[in-house]
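Data block below; observations after.
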């Protein structure tokens, strides 16, 4: 099962690292405790919509861009965890010959 909060945390961390920001810098800019941001990035805490908006502003990235990236990552993870269907022949199946 894909956990939204874990994927969101991965995306937020990647955005922060891409911008060369530390947790301390994001914390000061977003006015959110460093420990709480760390827990969000590790997928241990859920981010409220208000908190997520503050983090996006601090990272100078749109909320829509973050949610699109999270959505894409969730779709990829879901596809990877779907069971592969293997066709099974039964005694009554007709097999076409190449004749």
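Using R₀ = 41 Å, calculate the FRET efficiency as 1/(1 + (r/R₀)^6) where r is the Cβ-Cβ separation of residue 42 and residue 89; round to 0.05. Calculated transfer efficiency: 0.30.
Which whole-number percentage describes the relative contact order of the stretch 4-81, with Cα contacts under 8 Å and a sequence gap of 6 or more? Numbers along the way, then the final one.
On the way: 69 pairs, mean separation 31.1, N = 78.
Contact order relative to length: 40 percent.
Remark on the chain: Rg and Dmax equal 21.3, 75 Å (Cα only).
Full extension of the chain segment joining residue 10 with residue 50 gains 12.5 nm, where the gain is 0.36 nm per residue of separation less the Cα-Cα distance.
Computed from Cα atoms, the angle from the helix 49-59 axis to the main principal axis of the chain rounds to 70 degrees.
The distance between label points at residue 31 and residue 2 comes to 3.4 nm (points 7 Å beyond Cα on the Cα→Cβ vector).
Read the figures in this text as sums done on the coordinates, not as results from a lab. From a predicted model like this one, the values you see are computed outputs, not experimental measurements. Reconstructed Cβ throughout: ideal geometry from the backbone, glycine too, with neighbour counts over all protein chains shown.
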